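Okay, so here's the structure we're looking at.
The values are calculated or read from the model by the stated rules, or taken from the named source; none is laboratory data. Nothing here was measured: the structure is a model prediction, and the numbers come from that model. Neighbour counts are summed over all protein chains in view; Cβ atoms, including those assigned to glycine, are modelled from backbone coordinates with ideal geometry.
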Amino acid sequence: MTEAPIRVAMIGQKGYPPVHGGIEKHVAELAARLAPRGVEITIYSRPHYSDADGPTAMPGITVRRLPSVPTKHLDAITHTLAATADAVRHGYDIVHYHALGPALLSGVPRWLRRGRTVVTVHGLDWQRDKWGPVAAAVLRGGEGASARFPDGLIVVSQALRQHYAARHGAQAVCIPNGIGEPVRRPRQELDRIGLADGFVLFVGRFVPEKGCHLLLEAYGKLPAELRARHRLVMAGGSGFTDDYAAGLRAAAPPEVLFPGYVHGRLLEELYSHAALVVLPSTLEGLSIALLEGMSYGRCCLVSDIAPNLEVSGGCAPAFASGDVGALGAAMAGLLGDPAARERHGEASRRRVLATYSWENAAVDTLALYRRVLGREKSV
């Protein structure tokens with residue numbers, strides 16, 4: 001007898017298909033691998049993120065766009081409320097929440113007996129500098145809710161698993177973000193935007209915890225001739241941090257290029273041709289940008305926070321988080337040593353492709369779904 005498909009609602013991501021954002025990439029990659037395994041997935045999307053609606057080109061995945069109040073403090077929670085109400089009405093087998101804010105509602109489908117719930121924690125969002133004390137307190141509440149309310153708890157790094165065990169006595173399942181084989185691209189879009197090889201690359205949202213200001217300050221202190229040979233590309237945009245993003249652009253040396261959020265071919269070309277990828281974060285869950293940079297065999301210079309060191313496994317050089325002088329010295333040293341960049345890049349590529357896999361993430365996620373539904377079996 002054929003087993004009924006598992007019907008899953010994904011809530012908390014901004015939308016689909018992924019244009020920018022680590023959670024959005026995570027959900028899309030999981031959905032692409034869960035759907036062929038008998039999981040019917042509905043991805044709730046915010047109207048301002050994507051125009052996609054209805055069935056996608058991939059069988060088993062549907063996108064439902066519901067409204068939100070698109071402001072810094074209300075966007076996520078109002079969309080989560082609307083999506084949760086809709087999910088309760090449809091009665092999914094699993095309602096899968098992503099991030100701490102949406103986790104506040106992770107008990108509702110359970111309490112109403114309209115589906116089991118799973119939460120994936122991608123990072124401790126209350127630590128992000130963009131939130132004031134009230135918003136941070138609400139997100140702390142989301143952390144507590146994620147430890148108590150859902151039937152299953154997933155974290156994306158061992159550092160987060162240890163945090164939940166120590167702080168909440170909660171046994172989380174660690175299912176890291178994955179990576180696929182990189183798509184190496186010859187120059188095309190880079191020629192269009194007039195960017196020569198040898199550049200330094202940052203990919204991510206322009207928010208304080210990503211360390212964008214630290215990178216710009218360190219880069220600005222490099223000798224002018226070094227900056228002339230190695231432009232800095234800041235690929236990203238505001239995450240409800242318009243003033244911060246505007247300040248970055250105003251303070252940037254003339255050699256810095258701001259192409260906005262990038263994806264598709266341009267992003268693949270940037271990773272294919274960068275001399276150095278820099279991740280100066282002071283806070284991460286588990287960086288998909290770091291996984292991507294390492295998969296392309298790029299030399300990645302990372303801050304020495306635990307999630308970055310967990311991913312790099314000693315293959316990527318690190319500097320003291322928040323130390324502009326150490327960051328600048330490390331950049332200058334690596335830009336002047338192509339052999340070291342090649343050595344770090346090749347070690348990084350081998351490590352990340354052997355250790356992080358979206359296929360494994362999908363298998364482990366499906367196993368958790370089966371466990372909370374009482375359908376455990378080998379997969």
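Summary table
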read-out: Test: residue in the range 272-288 that is surrounded by 23 or more Cβ atoms within 10 Å (Cβ to Cβ) and assigned to a helix (DSSP H, G or I); value: yes
read-out: Some residue of the range 180-194 being modelled with pLDDT under 95, at negative phi, outside any strand (DSSP E or B) and of a type in the set (A, V, I, L, M); value: yes
read-out: Where a residue in the range 325-351 is within 17 Å of L201 (Cα to Cα) and in the same structural domain as A289 (by TED's automatic domain parsing) and its partner, wherever it lies, is acidic (D, E) and part of a helix (DSSP H, G or I), with Cβ under 9 Å and at least six apart; value: L327/E217; G328/E217
read-out: Residue count, the range 157-171 (criterion: within 18 Å of the chain's Cα centre (by Cα), under 30 Å from R114 (Cα atoms) and not in a loop (DSSP other than H, G, I, E, B)); value: 2
read-out: All positions within the range 111-156 that are of a type in the set (V, I, T), within 22 Å of the chain's Cα centre (by Cα) and surrounded by fewer than 21 Cβ atoms within 10 Å (Cβ to Cβ); value: V138
read-out: Unique match (being touching a strand residue (DSSP E or B) at 6+ places or on another chain (Cβ under 8 Å), free of Cβ contacts under 8 Å to residues at least 40 places away in the same chain, surrounded by 16 or more Cβ atoms within 10 Å (Cβ to Cβ) and not assigned by TED's automatic domain parsing to the domain that holds T120) among R227, R231, R205; value: R231
read-out: Filter result for G237 (surrounded by fewer than 20 Cβ atoms within 10 Å (Cβ to Cβ) and either more than 21 Å from W126 (Cβ to Cβ) or not hydrophobic (A, V, I, L, M, F, W, C) (or both)); value: yes
read-out: Among (1) β-branched (V, I, T); (2) within 23 Å of G293 (Cα to Cα); (3) crowded, with 24+ Cβ neighbours inside 10 Å, the one test that I11 misses; value: (2)
read-out: Among (1) outside any helix (DSSP H, G or I); (2) within 19 Å of A196 (Cα to Cα); (3) not basic (K, R) - the single one G293 does not satisfy; value: (1)
read-out: Out of R33, R116, R37, R128, sole residue that is touching a helix residue (DSSP H, G or I) at 6+ places or on another chain (Cβ under 7 Å), of a type in the set (K, R) and farther than 27 Å from V372 by Cα; value: R128
